[in-house]
Every structure is written in C-alpha cells, then in structure tokens.
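Asker: I am attaching a structure below and will ask some questions about it afterwards.
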Amino acid sequence: MEEMLFYDRMQFAFTITFHYLFPQLTMGLSLIIVYFKWKYLKTKNEQYNHATHFWMKIFALNFAMGVVTGIPMEFQFGTNWAKFSELTGGIIGQTLAMEGMFSFFLESSFLGIFLFGEKLLGHKWHFVTGLLIMIGSWASGFLIIATHSWMQNPVGYEILENGKFVLNNFQALFLNPWLWPSYLHNQAASMVTSSFVVAGIGAFYILSKKNISFGKLFLKTGVIFGLISSIVVAVPTGDLLAKNVVKYQPVTFAGMEGIFHTEKKGSEIVLIGQPDVKDKKLDNKIAVPNILSFLTYGNWDQEIKGLDQFEEDLHPTNISGLYYAYHIMVGLGTVFIGLMVLSLFQLIRGKLFQTKWLLWSLMFMMPFPYIANTTGWYTAELGRQPWLVYNLMRTASGASPTVSSGNTLFTLLGFIGLYLLLGMLFLLLVGKIINKGPHHVELSTEKI
C-alpha cells in the first residue's frame, strides 16, 4: 500500500508541477497584454499594439501547453484517486466542472478571436476580447483554488451515512476564509512570474542590441509590474495566508518554520538551518529571537506551538521537504523585492538601460519565479499531509485500491518521456518567437 501510494503521489506531483509552469505565466501575462492594448488605445502608439501581438503569441503557446498537460490530471482523479473522487466528488466536482464549463471555454473561445479578429472587430472590441480572456484566466485560477481551499479548510459540507461528502452551503464554498488570501497570493505570484519574464526578455533585447525600443518598453513594464506584485505577494497576501495556517493548521506552521519545541517567551525566526527530524532539532541555525511571534501575532512574547504539542501521526509526513520548500519560497521572494527596488531606482534615475549588471541579473532571474511558485505550492500540499481533506480524509484513504504500483510507475515514466519532448518543443518555439522579435515599427515621439 505504501509503495502504491508513493507512486500515486509522485505521478500527480510530477504532472501538476509541469502543468503549472504554463498557467502561472498566462494568468499574469493576460493582465500585461490588456495593459499594452489599453496603452495603444490611449496613445495610438503602434509600438504598444505590436507588443500586444508579440506577447499574445507567447500567451497562446503557453495556453496550448497548459491544456495538453492539464487534461491528464483530470483523468488521474478517476484512475489513481478513485476513492477520493467517489467520496468528495459532490463538492470538488462542482468547482472543477465550473472551471471547465465557464472559465476555460470563455478563455479559449475569445483567444481565437483575439489572435485572428483584430481587423474584423476593430481595436476597441479587440481590447474587450483581451479583457475577457484575462477574466476567464483569472476565474479559472479562482475556481481551482476554491477546490484547493476546501481541501485545506473544509466548510459547508455534511457527511452522509455512506461516507460521501455533500455540499449543504454553496455560499460557504466561496466565502471560505482560506480561499481569498490563497487566491490573491497565487495571482500576485503569477504576476511576479510574468513580470520577470517580460523584464528579462526586455533586458535580453537591450544586451543583444536588437529590438532595443521594445526591450526598453518591456523592461520598464516588467519592473513596474514586478515590484508591485513582489510586494503584494509578501504583504498583505502572504502575511494573511501565513496567519491562516497558524489558525487552521498550527502543526503545519510548526513544520514550515522548523519549530520542534514550543518556546514559551516568543518564537525566533530561522533564516538558515537544517532540520534534523530524528533528533527534533535544527542544525547550524541562524535565527533572530522573537521576530516570528511579532510577525504572526504582533506580540514579541506570544507563544507559538511547536511540533511537540501535537501527536506524531498528525505531523506533516515530510517535515524536511516542507521546511525547505517554504524557506526557498520566502528567500526568493525577498530577493525579488530587492532586485525590483534596485531596478526601479535606476529606472527613475534614467540609468537602468545602461546598468549592465542589473540587466544581466534580470535576465538571469527569469526562471526563479517559476521555482518560487512551485515551492509555494509544495509548501501548501506537503503542509496538508497526511490529509487529502484536512482532518477528515487521510491521503491513504483516497487512493484507488485496484491500480497497482507497477501500473502507476509505468505511466509515470511515460509522462516523464512525453513531457520532456513537449518541453523541448515548447522552448524551441518560444525561442523562435523571441528571436524573431516584435514587428518593427517607427517610434512615435512619445517617451517610453
């Protein structure tokens, strides 16, 4: 059973990690595309319209990859997690169906119109279709995270005699206190990814001395959007989400922070340390006293429960993985804020385009928001373990009893090979789009 459960989880972890590389860009990028189109309508500067078309090509390619890699996950609910689907389908099936029927179709339908219908629609209606794509993209994220939030903090349900969960309060599903901080945090993180990609490609154009005018536009846009979103990820959304974890999943919070033993007069915040789960301690730690209590409760001396206050069978099943995922996410988020502050400072001074070390840094940092987003989701999912539905259904209880570990491993290896080929094809196509660059236009007299 343990081997079967391990491969079930590994397969879902691999497929969803690869899949989310694409939606995290499209959700944020849709807003930037709408911004470029709005700027064109306002200024009539053709450069903004060509920027819209350029980024829409990259959006469309990411959207297609997201669809292709998202479909297998739906099937895994029936193959690998049949018991989970049987018992909770009355609740999670509603939000997942709404995501497919409303958000996905809204986004995909208007994507085709946006790509090919500009001349037919005119620029104002072209802008409206872009706005509808963004709404569909963000609504899709909302409904997925509504499902995730119910698994983290189940509300508005009752359990029938046959063990099935049914929804008895539809409103509660969307007023879940876990939902809105999670959703806003996720969308801000998506904006960080998109902003760094836009800024990084802008830096690439400037450093390579081609498409320089577009490079300056992309760099300026990416830095401004990037600084705002990097701050919002931390405060208020990250802060609110962390306080939710303290309130609803205190054992998870202890694992995230590496608090093995309760500290009575305030908890320190650990900057660096390696968890030794066997001996219940952090090795080689560098910590600042009482800061964690203040950040969490606004009280320097507030007690925060350690793992020693909870039964061991309630502890996260991978404390080391949870701890490292959380600290990687937070560490990278701090770096993002610092880099964007420096970039905006140089932009205001009029020296960003000539500051090569910052341009190289922005280009080099493009992959790291993907890492931060991935570790953020790992924090959420590892933190919920050993539960599928927190405090109600253990992960082992949701697996399909008739699918062998050998079958799951076979299909996992197939996914790895297939996704490797898809990833290489995706990078090749994106590289061609970037290398070709936006359509050349004569610049207006407006300052970029």
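The values are calculated or read from the model by the stated rules, or taken from the named source; none is laboratory data. Since this is a predicted model, take the numbers as computed values, not measurements. Quick reminder, even Gly has a Cβ in these numbers, built from the backbone with ideal geometry, and neighbours come from all protein chains shown. These accessible areas exclude ligands, DNA and RNA; they are computed on the full protein's heavy atoms, side chains included. Shrake-Rupley method; radii C 1.70, N 1.55, O 1.52, S 1.80 Å.
Asker: In the list Leu392, Leu413, Leu425, which residue meets the criterion of being open to solvent by less than 70 Å² (accessible area, probe 1.4 Å) and of a type outside the set (Lys, Arg)?
Answerer: On the way: Leu413 fails: open to solvent by less than 70 Å² (accessible area, probe 1.4 Å); Leu425 fails: open to solvent by less than 70 Å² (accessible area, probe 1.4 Å).
Selected residue: Leu392, the only one of Leu392, Leu413, Leu425 that is open to solvent by less than 70 Å² (accessible area, probe 1.4 Å) and of a type outside the set (Lys, Arg).
Asker: Among the residues of the stretch 195-216, is any part of a helix (DSSP H, G or I), touching a residue at least 24 places away in the same chain (Cβ under 8 Å) and out of contact with any Gly (no Cβ under 9 Å at 6 or more places or on another chain)?
Answerer: Yes, the conditions are met somewhere in the stretch 195-216.
Asker: Another one. Name the pairs whose Cβ atoms lie under 6 Å apart, with the first residue in the stretch 272-299 and free of Cβ contacts under 8 Å to residues at least 12 places away in the same chain and acidic (Asp, Glu), the second open to solvent by less than 40 Å² (accessible area, probe 1.4 Å) and in a strand (DSSP E or B), and 6 or more positions between them or separate chains?
Answerer: The qualifying pairs are Asp283/Asp276.
Asker: Now for a separate question. Considering each of Leu271, Leu240 in turn, give the residue that is more than 30 Å from Lys37 (Cβ to Cβ), in contact with a helix residue (DSSP H, G or I) (Cβ under 6 Å, 6 or more places away or on another chain) and open to solvent by 60 Å² or more (accessible area, probe 1.4 Å).
Answerer: Leu240
Asker: State all residues of the stretch 276-305 that are of a type in the set (Ser, Thr, Tyr) and either part of a loop (DSSP other than H, G, I, E, B) or open to solvent by less than 60 Å² (accessible area, probe 1.4 Å) (or both); if no residue qualifies, say none.
Answerer: Ser293, Thr296
Asker: What is the number of the single condition among (1) within 23 Å of Val34 (Cβ to Cβ); (2) open to solvent by 50 Å² or more (accessible area, probe 1.4 Å); (3) in contact with a Gly (Cβ under 8 Å, 6 or more places away or on another chain) that Ile224 does not meet?
Answerer: Unmet for Ile224, out of (1) within 23 Å of Val34 (Cβ to Cβ); (2) open to solvent by 50 Å² or more (accessible area, probe 1.4 Å); (3) in contact with a Gly (Cβ under 8 Å, 6 or more places away or on another chain): (3).
Asker: Same structure, new question: Which residues, counting only those in the stretch 316-330, are within 17 Å of Gln385 (Cα to Cα) and either part of a loop (DSSP other than H, G, I, E, B) or open to solvent by 40 Å² or more (accessible area, probe 1.4 Å) (or both)?
Answerer: Correct list: Pro316, Thr317, Asn318, Tyr324.
Asker: So which of Asp313, Asp308 ends up being open to solvent by 60 Å² or more (accessible area, probe 1.4 Å), assigned to a helix (DSSP H, G or I), of a type in the set (D, E, K, R) and within 18 Å of Tyr390 (Cα to Cα)?
Answerer: Asp313
Asker: Oh, and also: When you scan the stretch 393-407, how many residues do you find that are closer than 27 Å to Leu314 by Cβ and either in contact (Cβ under 8 Å) with a residue 12 or more places away in the chain or hydrophobic (A, V, I, L, M, F, W, C) (or both)?
Answerer: So the count comes out to 9.
Asker: Does Thr334 satisfy the condition of being within 24 Å of the chain's Cα centre (by Cα), of a type in the set (Ser, Thr, Tyr), open to solvent by 80 Å² or more (accessible area, probe 1.4 Å) and over 25 Å from Pro236 (Cβ atoms)?
Answerer: So Thr334 does not fit the description; no.
Asker: Would you mind stating whether Trp360 is on the phi < 0 side of the Ramachandran plot, assigned to a helix (DSSP H, G or I), modelled with pLDDT of 95 or more and surrounded by fewer than 17 Cβ atoms within 10 Å (Cβ to Cβ)? Steps first, please.
Answerer: Details: on the phi < 0 side of the Ramachandran plot: yes; assigned to a helix (DSSP H, G or I): yes; modelled with pLDDT of 95 or more: yes; surrounded by fewer than 17 Cβ atoms within 10 Å (Cβ to Cβ): yes.
Yes: the conditions hold for Trp360.
Asker: Now for a separate question. Would you check which residues across the stretch 118-148 are open to solvent by less than 30 Å² (accessible area, probe 1.4 Å) and acidic (Asp, Glu) and list them?
Answerer: Result: no residue meets the conditions.
Asker: Further, regarding this structure: Name the one entry in Lys119, Lys164 that is out of contact with any Pro (no Cβ under 7 Å at 6 or more places or on another chain), farther than 21 Å from Leu388 by Cβ and either charged (D, E, K, R) or at pLDDT 95 or above (or both).
Answerer: Lys119
Asker: For Ala372, state whether it is under 30 Å from Val251 (Cβ atoms) and surrounded by fewer than 16 Cβ atoms within 10 Å (Cβ to Cβ).
Answerer: It is false that Ala372 is under 30 Å from Val251 (Cβ atoms) and surrounded by fewer than 16 Cβ atoms within 10 Å (Cβ to Cβ).
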